[in-house]
1. Let me spell out the model: positive unit charges on the Cβ of Lys and Arg, negative unit charges on the Cβ of Asp and Glu, origin at the Cα centre of the stretch 20-94. What dipole size does that give, in debye rounded to 20?
2. Less than 10 Å Cβ to Cβ from Thr23, Lys/Arg counted +1 and Asp/Glu -1: what total charge do the surrounding residues give?
3. Stretched out fully, how many nm does the piece from Asp70 to Ala49 gain, at 0.36 nm a residue minus the Cα gap?
4. Gain in length, Val39 to Ala84, computed as 0.36 nm per residue apart minus the alpha-carbon separation, to one decimal in nm?
5. Relative to the present Cα-Cα distance, how much length would full extension add between Gln3 and Leu58 at 0.36 nm per residue of separation?
Amino acid sequence: MRQWLFAVIAILWLGMAHAATPTTAVLHAANMTCPSCSVTIKKALSRVAGVTSTKVDLKAETVTVAFDADRTTVSALARVVTDAGFPTTAKIHGG
């Protein structure tokens, strides 16, 4: 039992050590005018595999998204926001 437990812990630790560093993208989204826009965008991005956090700034018309680059891409994120009704361009900020 002790060996089995050690093996499980070792596997989990190694998995965490190899986890991808999140990439951050800032999407410039047009037509954001109210708090409902923020909710719509966050809901749409929450459905994308690999998205870990979303911050919407209505005044600056930006959406900052942290995501796993192994699971999705900046262009896919921009497409989701555009499809939600907010024409979007993207700029990668780092990882």
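What follows draws every value from the coordinates through simple rules; no lab data is involved. Keep in mind that what you see is a predicted model, and the values were worked out from it rather than measured. Don't worry about glycine lacking a Cβ; one is built from the backbone with ideal geometry, like all the others, and counts go over all protein chains shown.
1. Computed about the Cα centre, the dipole is about 100 debye.
2. -2
3. 6.6 nm
4. The span from Val39 to Ala84 would gain 15.1 nm if fully extended.
5. Result for the pair: 14.5 nm of gain on full extension.
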